[in-house]
Amino acid sequence: MINKIIEEVKETEEKAEKIIKEAKKKAKNIIQEAQLEAEKVKAQAEKEALEKAKSMKEKEEKVAQEEAKKIVEESLKEKERLYKKGKAKLDEAVKFILEKVVE
């Protein structure tokens, strides 16, 4: 009878060890899967961040190009205005010099 009880205890211990071993194996797999999923999420986040940064850079470059275009256009207009103003003053200067020479 005692031998039978001892045998049942051993069987129970063996079953318990198998259950523990299987639980450890499952826990290890769960941890590995979680790590893989975390890496995927991290990679996706990095990809999205790079895409957003690229988009922002392109947008800012476009804004800068438009601003530069406006500045060039304004500079050309100012150059033309100053040219016309200078030309008008040149005619006055020539007249003034001719008047002084003729006197």
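Read-outs throughout are calculated quantities, based only on the coordinates presented, and are distinct from any laboratory measurement. Predicted model only: the values in this text are computed from it and were never measured. Positions of Cβ are backbone-derived with ideal geometry, glycine not excepted, and every protein chain shown enters the neighbour counts.
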Checklist entry - Considering segment 65-103 alone, what residues qualify as being among the hydrophobic types (A, V, I, L, M, F, W, C) and surrounded by fewer than 10 Cβ atoms within 10 Å (Cβ to Cβ)? => result Val101, Val102
Item to check | From Ile19, Ile71, Ile30, residue being of a type outside the set (Gly, Ala, Ser), in a helix (DSSP H, G or I) and either on the phi > 0 side of the Ramachandran plot or over 33 Å from the mean Cα position of the chain (by Cα) (or both) | outcome: Ile19
